[in-house]
Amino acid sequence: AAITTGNCNTAIGYNALCSYTSGGVTAIGVNALKSLTTGTDNVAIGENAGAALTVNPGNTLVGDTAASNLTGCYNTYSGYVTANCATTGNYNVAIGSGAFAASTVTTSSAVTAVGQGALKNTSGVGGACTVAIGTNAGCNNTTGTCNVFIGHLSGSNLTTGLQNVIID
């Protein structure tokens, strides 16, 4: 790591935290938080975890390629390729392999996706204020907002609806 200033940082892995100049960050894995310059209170564990994050604080990113394109703040993403295409969303939680993955989300906030593939195809500003719990819950929700999906494949056919509660 090329840290030249700052306190209380941990960087393990090639290019981990290589642009950082502040304090209070942990990056473990090849390219983990490699673009971060000043965002504090971030944790990234896994190859390419948080690789695009530059200045925003408060993210916890665990898993290979977890949130690799993220520039938002106060997100928690855990799992292989979890939220790997999410960009500027804030206050989101995604847990499970592929949860919120392949999503081309640009500004969604307050999203909770728990389970393998939950909300995996959300796009644009879709999914805001949405909760999906279960394997592939809400997996085809593209632009629908303020929905609740609970159960395996619950709401998997819904693409654009809003304010729905689906329990399977």
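No lab work stands behind these numbers, since they all come straight from the coordinates. Worth saying up front: this structure is predicted, and the values here are computed from it rather than measured. So basically every Cβ, Gly included, is an ideal-geometry build from the backbone, and we count neighbours across all protein chains shown.
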Discussion item. How would region 23-98 be classified by its alpha-carbon gyration tensor: rounded, prolate or oblate, with rounded meaning a/c under 1.5 and the a/b versus b/c comparison settling the rest?
Written reply: oblate
Practice prompt. Bin width 5 Å, alpha-carbon pairs only: give the P(r) of region 88-168 as whole percents, running from 0 to the bin holding the largest distance.
Written response: 4, 22, 35, 28, 9, 1, 0
Worksheet entry | Length released on extending from residue 8 to residue 37, taking residue separation times 0.36 nm less the Cα-Cα span | 9.0 nm
Discussion item. Skipping prolines and chain starts, which residues have an amide H placed within reach, meaning under 5 Å, of the one on residue 44, given they are 5 or more residues away or on another chain?
Written reply: 26, 27, 28, 61
Discussion item. Is the C-alpha gyration tensor of the chain telling us rounded, prolate or oblate? Criteria: a/c under 1.5 is rounded; beyond that, a/b larger than b/c is prolate, otherwise oblate.
Written reply: prolate
Worksheet, complete the sentence: Packing-ranked peptide list from 74-80, 48-54, 116-122, highest mean Cβ count within 10 angstrom first, is 116-122, 48-54, 74-80
